[in-house]
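I have placed the structure first, in the form of structure tokens, so that the comments after it can refer back to it.
Any read-out appearing in this document is the output of simple, stated calculations on the displayed coordinates, not a laboratory observation. None of the values given here were measured: they were computed from a predicted structure. Note: ideal-geometry Cβ built from the backbone for every residue, glycine included; neighbour counts use all protein chains shown.
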Amino acid sequence: MLDVNELIDVEAGTQSRRIFWDKEIYELELERVFGRCWLFLAHESQIPNPNDYVTTRMAEDDVLVWRQADGSTKAFLNQCLHRGTKLCMAEAGSANALSCIYHGWQYDAAGNLKTVPLENMLYGDSLDKSKLGLREVPRVESYRGFVFGCMDPDAPSLEEFLGDDKWYMDIWSDVPGGVELLGPPGRSIIRTNWKLPTEGFVGDVYHLGMTHGSILKAIARPAADFGPGAGLQSTSRYGHGHAIQFMHQNSLLHSVSPELAEVHQVRKPEDLPEDRTDDQRKLYTSFWDGSFFPNCSYLIGLNVFKVWHPIGPDKIEIVTWALADKRMSDEEKRRLTVAVHRTFGTAGTLEGDDMDNFEFCVRPNKGYFTRQGKLNAQMGKGNARLDPKFPGVVDEMVSELSIRGYYRFYADCLASENWEELQKRSEKWKEQLL
Ligand code: FES
Ligand code: FE
């Protein structure tokens, strides 16, 4: 019998091993995590003009994100209302209407069912087309060009959901000229649970020395970089978090990827808007890993942007873009794309290191005796603090604070019937983590 209150112990910093493979938990996640939270859909740069569209997923639901004639963005379940086949098969395109490949029902960009082949002859006037439009995602909002969708009409706004993370997101997204995602994205399927890569990116700097040890050795990275004062980790009310290394991007990029080092010459702290603090300027040229709860992650410096779509409890689809400053030249963007896929693409040097770990955290945790143990993320407990200069709850860069913050909100989601309950449960989030 599943008792969601026993899965996560925020106080102890432990989690049940069932969360990485249990089908019952997964079904609850579809309802209470993916059905309730804001999920990344697309970046506006992917659909710049009216009628442009991209297809994506919200958990296991196929979704069509379509730019409207008035410049707004709508999202629909990508599924024909007749016999249910997938409506749009393309990854991206531009069209003012799409026809289903099965019997030819046609929908316009606003989601209306416009034409039905042989309608008069076969249906007479019995078909009410006004009730057979595409099912719309009830909430679609964007921040700094990043478009998110939410299936729960009662959710807080996207900006409220981003919370303290907005201050940090502004540093890398509100840059001169803005940012964009370069596609087409890389795609791969991995046998792991969707939370594992997200928790890795939300704040696991600890793994670098071992998992990526051979690369660090190759580039002669000094171990002192991971000590006190080397950086910052932070977490926020709705589970987003990141770790930031106070080291100029170029000091590492020359070794990891010469293309990236050249591309980053474009980033100068003095280019940022006047209202930025000195700390925001410093962080602008630092290395970051981070995740938006529940399943979207990024690396600043390596300029990787990823979504981890679940396919059941033990399989994911990874979608990977290069995150570019729009003002980069076409050649710089090409080089950045090569560098991103060489490091964190399907066969990327660093991606391969990580995915082995993520795969081996799933099946082995199913063992009858193994599953009765707990996962441990206690590192840094007691060190977390509030800092007037940095929003959220913060700690040293190498800590498991962000992982605890991620699972704190995850536990609240699973235990709550609706957003009202969820807001009440997460009110004391700071006290729980400090
Ligand atoms: Fe789409 Fe029949 S299933 S038109
Ligand atoms: Fe890694």
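When the residues of the stretch 176-212 are filtered to those that are of a type in the set (A, V, I, L, M) and surrounded by fewer than 16 Cβ atoms within 10 Å (Cβ to Cβ), which remaining residue is farthest from ligand 2 (Cβ to nearest atom)?
If we take residues in the stretch 176-212 being of a type in the set (A, V, I, L, M) and surrounded by fewer than 16 Cβ atoms within 10 Å (Cβ to Cβ), then ILE189 is farthest from ligand 2 (Cβ to nearest atom).
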>> Residue pairs, Cβ under 6 Å, 6 or more apart or interchain, first in the stretch 94-120 and closer than 16 Å to PRO50 by Cα, second more than 12 Å from ligand 1 (Cβ to nearest atom) and of a type in the set (D, E, K, R). List them.
In response: SER94/ASP52; ALA97/ASP108; ASP108/LYS114; GLY111/GLU136
> Taking the stretch 343-373 as the region of interest, how many residues are more than 26 Å from the chain's Cα centre (by Cα) and exposed (fewer than 13 other Cβ atoms within 10 Å of the Cβ)?
Replying inline: 6
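Please go through the stretch 344-368 and give me each residue that is β-branched (Val, Ile, Thr) and either over 17 Å from TYR298 (Cα atoms) or within 16 Å of ligand 1 (Cβ to nearest atom) (or both), ordered by number. If you could, list the steps in order and put the result at the bottom.
From the stretch 344-368, those β-branched (Val, Ile, Thr) are 346, 349, 362; that's our starting set.
The answer is VAL362, and nothing else.
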> Tell me, which residue of the stretch 100-141 that is crowded, with 16+ Cβ neighbours inside 10 Å and under 25 Å from the mean Cα position of the chain (by Cα) is farthest from ligand 1 (Cβ to nearest atom)?
Replying inline: GLU141
>> What's the number of the only condition in (1) in a strand (DSSP E or B); (2) within 16 Å of ligand 2 (Cβ to nearest atom) that VAL307 fails to meet?
In response: (2)
> Quick one: in the stretch 288-307, which of the residues that are within 11 Å of TYR406 (Cα to Cα) and among the aromatic types (Phe, Trp, Tyr) is surrounded by the fewest Cβ atoms within 10 Å (Cβ to Cβ)?
Replying inline: PHE293
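Consider the stretch 1-35. How many of its residues are without any contact (Cβ under 8 Å) to a residue 12 or more places away in the chain and within 23 Å of the chain's Cα centre (by Cα)? If you could, list the steps in order and put the result at the bottom.
Looking only at the stretch 1-35, we keep the residues that are without any contact (Cβ under 8 Å) to a residue 12 or more places away in the chain, and these are 1, 3, 6, 27, 31.
Then keep just the ones that are within 23 Å of the chain's Cα centre (by Cα); that gives 27, 31.
Qualifying residue count, the stretch 1-35: 2.
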